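This is the structure I want to talk about, given as structure tokens.
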There are 2 protein chains.
Amino acid sequence: MTESTETVLARVDQDLDKSLERLFALLRIPSISAQPRHAGDCRKAAEWVRDELTALGFAASLRETPGHPMVVGHDESPAEGLHVLFYGHYDVQPTDPLSLWKSDPFEPSITTEADGRRIVVARGASDDKGQLLTFIEACRAWKAVHGTLPVRVSILIEGEEESGGANLMPFLKANATELKADVALICDTGMPDRKTPAITTSLRGLVGEEVEIVCATHDLHSGMFGNAARNPIELLCKALGSVRDDSGHVTLPGFYDNVVVPSDTVRAQWRAIFPDDSATLAPVGLSQPAGEAGFTAIEQIWARPSYEINGISGGYEGDGFKTVLPAKAMAKVSFRLVPGQDPEAIRAAFRAHIRAVLPADAKVSFTEHGASTGFAVPEDGPLLRTALDALGEEWGVPAVSIGCGGSIPVVAEVKEALDMDSLLVGFAQDDDRIHSPNEQYGVESFHKGIRSWVRILDAFSRR
Amino acid sequence: MTESTETVLARVDQDLDKSLERLFALLRIPSISAQPRHAGDCRKAAEWVRDELTALGFAASLRETPGHPMVVGHDESPAEGLHVLFYGHYDVQPTDPLSLWKSDPFEPSITTEADGRRIVVARGASDDKGQLLTFIEACRAWKAVHGTLPVRVSILIEGEEESGGANLMPFLKANATELKADVALICDTGMPDRKTPAITTSLRGLVGEEVEIVCATHDLHSGMFGNAARNPIELLCKALGSVRDDSGHVTLPGFYDNVVVPSDTVRAQWRAIFPDDSATLAPVGLSQPAGEAGFTAIEQIWARPSYEINGISGGYEGDGFKTVLPAKAMAKVSFRLVPGQDPEAIRAAFRAHIRAVLPADAKVSFTEHGASTGFAVPEDGPLLRTALDALGEEWGVPAVSIGCGGSIPVVAEVKEALDMDSLLVGFAQDDDRIHSPNEQYGVESFHKGIRSWVRILDAFSRR
């Protein structure tokens, strides 16, 4: 690292409070992409990002899609050399159940934990507003000190990552020439613990489905029809309850086709970080991994496909009791996929299973909620080692390659549309409560995240 | 029937519009007993009934309970002779889903069906405001013509029939001397078709349960924990989906202990009214009875116990999709019981089943929502034949004894607390949509219901 880079890092430290103020401003915008009533807020968040990039000297603009707009910015202060495309998303998850939040999800605050850690609490603090700003603030510090960036930087911030992201792939394809770079940098992942920096080299994909079962033409009185009329909730329970057996094994035919078990070497590395399951499960009050026997909890999350019921609804859900025999019931389910699994084959197998168990009087309908394949980033990618080393310098601990149980469809889409590999560098913690009430992001994640990007951009410019 | 009774019937016909106006006034009060915010409306409905009875010359009053108040009225214009206790309930079911109502549930209207039938549409039109007013309007007509009633009449109208009715039994016991009569008349049942009057001689009881399963300490991201963390919705589905097997047989140990199959004679009578299942199921869009093989749909409803899931809730139920792995899930379930079954034994067997299928990381809690036994009214009761004959005169078709799949706990409670048999005379139709959106009550049910009571009271006075 050069002395001039030290100056950039010092600038990051000096400006941290202002960086946090900017994070707060973005967090105050309730950009929930799944809820149509927040469409205006999504646009507001996009405009906020565009304006920040413009102020930094990027050629930035909003780009319309059939859904929420994209933000694209380019800074080519160095006219040649390595070109990176940074990706993040300005949209956030819904906030329900709102009653479990200790403060307004869109009125961010900094609080201090019992262990002294300072955290930013708000919806999107970690996923992904805090994370995406680590990169933008790193660019800001570089620009402030040098007037230029060390490498060519393009930035793409989307607004539908949390709601299916159907418009990203067409957008990438339609703008492939503009967006193509040497590597994509994606900041939407986490660290395996508080101290160890990491780059995520495997991801799970996702198939999302909504299933609705309708029996009678209207809700019935259970006294007048109970026993003789089909109960759609019961049918839904039978259908959804038989997708996975009691040993955690998914029973859909072909579900595990082409699934590769991680090598013994990889499993050994992971077990070194997580010697037992308690580090994974105890923080959320659990003790036993629920997936297939023979795999540790972290292997179940990073390397094995899952089946989840994400929501269910039917009949009377309010106070007290209602002796209704409901006409319909609904569930939202998803499968997390590992590399090798075909999302559409699994969607078809799920639908076939549901249809096979339903009797004649039940009508079923399905709604797609996205599909993406699992993905593995090549372990020998040319920039991976450089980035791991830069992270290790910042955190004082060697950086590791890890898996991620989440879906980041952009990785596969960037590969397909732009023929470009991705580096997944993120600073989230497992207890950031992303997608849950009281989402948080460590001030240290934010601060050292900015510093990490300063070092990575520096290392990239000198390779 | 005497000429003076013809005069009373004529008075009923002449006053029908005013009777309907009074019904509308009661229907406009949203007396939903299960929802605490409607407590004031329940009291308002009770006061309305009290005021009507007072105006008719009853000694009527509100009687406080730990829940919604009772209304009790006595008219002893004939000082001796037969004494009847009429029972009904002024409370109604919740109205959700409100979006399926074609008009405001508490703004009653009369509409004409395609077949020319005129119906009153409102929550409670049939269950039980329309039904209870048939009796009160019959009393009104008697009083208007004769100044007295033909038999001694006491009236008890409660306000918690739709929400557990926990306060009725203590009230009956505490006021047994006051409420004891020769027979209870209960108007909360229906007719097997449009033309055949009926008295219901068997009823199912009910066990209501709410079950909540909690796994993690908070909602999780399915990408970060999916597979390794227990999913309470999946556990709930497995547990609830295995209570009844695919042949409609409930698998809880001891569930069918002491259940008596109806005699061949009774089954033959029922099959004469319902030669096949289509009359029962086709009106609600169904074709196959869902209960145990070997029983017709009407037998499954009138004479066999049932298991129903009345409501289920968990995770994300809103628009779009949320990749949440929820911390908890809830369901409301009930069993309809036939005579011989022990409600508390069945509750215990259900809880044991749920506990047995849950793994270590799942915590379960249960909430009781009422219990009542099934009940059979003696076929040879002294007043049954008299009442059947009076009904047959009004409707021009012989009246029949039928079963009812619903729970009317007051029958067993009146028997236990007051040592009194009940006659269940009602005029509801199977398509009244009670407990459902667009509840209705035929103007003919209301009108001939009033006339039926005039004849029954007359017949009772002359036996």
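Take residue B:248 and tell me if it is touching an Asp or Glu at 6+ places or on another chain (Cβ under 6 Å) and either open to solvent by less than 70 Å² (accessible area, probe 1.4 Å) or in a loop (DSSP other than H, G, I, E, B) (or both).
yes
Follow-up question, since we're still on this one. In region A:226-240, how many are of a type outside the set (D, E, K, R), facing chain B (nearest Cβ under 7 Å) and open to solvent by 10 Å² or more (accessible area, probe 1.4 Å)? If you could, list the steps in order and put the result at the bottom.
Step one: list which residues in region A:226-240 are of a type outside the set (D, E, K, R), which gives A:226-229, A:231-233, A:235-237, A:239-240.
From what's left, facing chain B (nearest Cβ under 7 Å): A:226-229, A:231, A:233, A:237, A:240.
Remaining after also requiring open to solvent by 10 Å² or more (accessible area, probe 1.4 Å): none.
The total comes to 0.
Under the condition of being open to solvent by less than 10 Å² (accessible area, probe 1.4 Å) and not in a strand (DSSP E or B), which residue from region A:197-224 is modelled with the lowest pLDDT?
A:223
While we're on this one: Could you check region A:79-180 for strands (runs of 3 or more DSSP E) lying wholly inside it with 1 or more residues that are within 19 Å of residue A:64 (Cα to Cα) and among the aromatic types (Phe, Trp, Tyr)?
Qualifying strands (runs of 3 or more DSSP E): A:83-89.
Here's a follow-up. Only one of (1) more than 7 Å from chain B (Cβ to nearest Cβ); (2) open to solvent by less than 10 Å² (accessible area, probe 1.4 Å) fails for residue A:283. Which number is that?
Of the numbered conditions (1) more than 7 Å from chain B (Cβ to nearest Cβ); (2) open to solvent by less than 10 Å² (accessible area, probe 1.4 Å), the odd one out for residue A:283 is (2).
Additional query: Return the residues of region B:30-49 that are surrounded by fewer than 23 Cβ atoms within 10 Å (Cβ to Cβ) and in contact (Cβ under 8 Å) with a residue 12 or more places away in the chain; say none if nothing qualifies. I'd like the intermediate steps shown before the answer.
To start, the set of residues in region B:30-49 that are surrounded by fewer than 23 Cβ atoms within 10 Å (Cβ to Cβ) comprises B:30, B:34-41, B:43-44, B:47-48.
The answer is B:30, B:34, B:35, B:39, B:41, B:43, B:44, B:47, B:48.
Residue check, residue B:179 against (1) touching a strand residue (DSSP E or B) at 6+ places or on another chain (Cβ under 8 Å); (2) modelled with pLDDT of 95 or more; (3) open to solvent by 10 Å² or more (accessible area, probe 1.4 Å), all met but one. Which one?
That leaves (3) as the condition not met.
What residue, of A:64, A:3, A:76, is out of contact with any helix residue (DSSP H, G or I) (no Cβ under 7 Å at 6 or more places or on another chain), in contact (Cβ under 8 Å) with a residue 60 or more places away in the chain and open to solvent by 50 Å² or more (accessible area, probe 1.4 Å)?
Unique residue meeting the criteria: A:76.
Across region A:224-275, what is the total count of residues that are more than 19 Å from residue A:348 (Cβ to Cβ) and either basic (Lys, Arg) or within 28 Å of the chain's Cα centre (by Cα) (or both)?
So the answer is 23.
Report yes if some residue within region B:412-420 is crowded, with 17+ Cβ neighbours inside 10 Å and within 14 Å of chain A (Cβ to nearest Cβ); otherwise report no.
Checking region B:412-420: not a single residue is crowded, with 17+ Cβ neighbours inside 10 Å and within 14 Å of chain A (Cβ to nearest Cβ).
Something else now. Only residues that are under 17 Å from residue B:405 (Cα atoms) and either open to solvent by less than 10 Å² (accessible area, probe 1.4 Å) or not charged (D, E, K, R) (or both): list them for region B:182-196, please.
B:186, B:187, B:189, B:190, B:191, B:192
Checking the conditions here, which among A:343, A:326, A:382, A:359 is closer than 30 Å to residue A:455 by Cα and either facing chain B (nearest Cβ under 10 Å) or surrounded by fewer than 21 Cβ atoms within 10 Å (Cβ to Cβ) (or both)?
A:382
Moving on to the next point. Restricting to region B:300-323, give me the number of residues that are within 7 Å of chain A (Cβ to nearest Cβ) and open to solvent by 10 Å² or more (accessible area, probe 1.4 Å).
So the answer is 9.
Is there any pair linking a residue in region B:364-382 that is closer than 16 Å to residue B:305 by Cα to one that is loosely packed, with under 14 Cβ neighbours inside 10 Å and among the charged types (D, E, K, R), with Cβ under 7 Å and at least six apart or on different chains, and which?
Qualifying pairs under 7 Å: B:371/B:344.
Within the bounds of region B:86-93, is there any residue that is of a type in the set (S, T, N, Q), out of contact with any helix residue (DSSP H, G or I) (no Cβ under 6 Å at 6 or more places or on another chain) and either open to solvent by 20 Å² or more (accessible area, probe 1.4 Å) or at pLDDT 95 or above (or both)? Let's see the steps before the verdict.
First pass over region B:86-93, keeping only residues of a type in the set (S, T, N, Q): B:93.
In the following step, the residues that additionally are out of contact with any helix residue (DSSP H, G or I) (no Cβ under 6 Å at 6 or more places or on another chain) were identified as none.
There is no residue in region B:86-93 that is of a type in the set (S, T, N, Q), out of contact with any helix residue (DSSP H, G or I) (no Cβ under 6 Å at 6 or more places or on another chain) and either open to solvent by 20 Å² or more (accessible area, probe 1.4 Å) or at pLDDT 95 or above (or both).
Continuing with this model, one more query. Being surrounded by 15 or more Cβ atoms within 10 Å (Cβ to Cβ) and acidic (Asp, Glu) is the requirement here; does residue A:264 meet it?
no
Do we find a residue being in contact with a Leu (Cβ under 7 Å, 6 or more places away or on another chain) and surrounded by fewer than 21 Cβ atoms within 10 Å (Cβ to Cβ) anywhere in region A:160-175?
The answer is no; no qualifying residue exists.
The values are calculated or read from the model by the stated rules, or taken from the named source; none is laboratory data. These figures come from a predicted structure and were not determined experimentally. Quick reminder, even Gly has a Cβ in these numbers, built from the backbone with ideal geometry, and neighbours come from all protein chains shown. Keep in mind that these areas ignore ligands, DNA and RNA; they rest on the heavy atoms of the full protein, side chains included. Shrake-Rupley method; radii C 1.70, N 1.55, O 1.52, S 1.80 Å.
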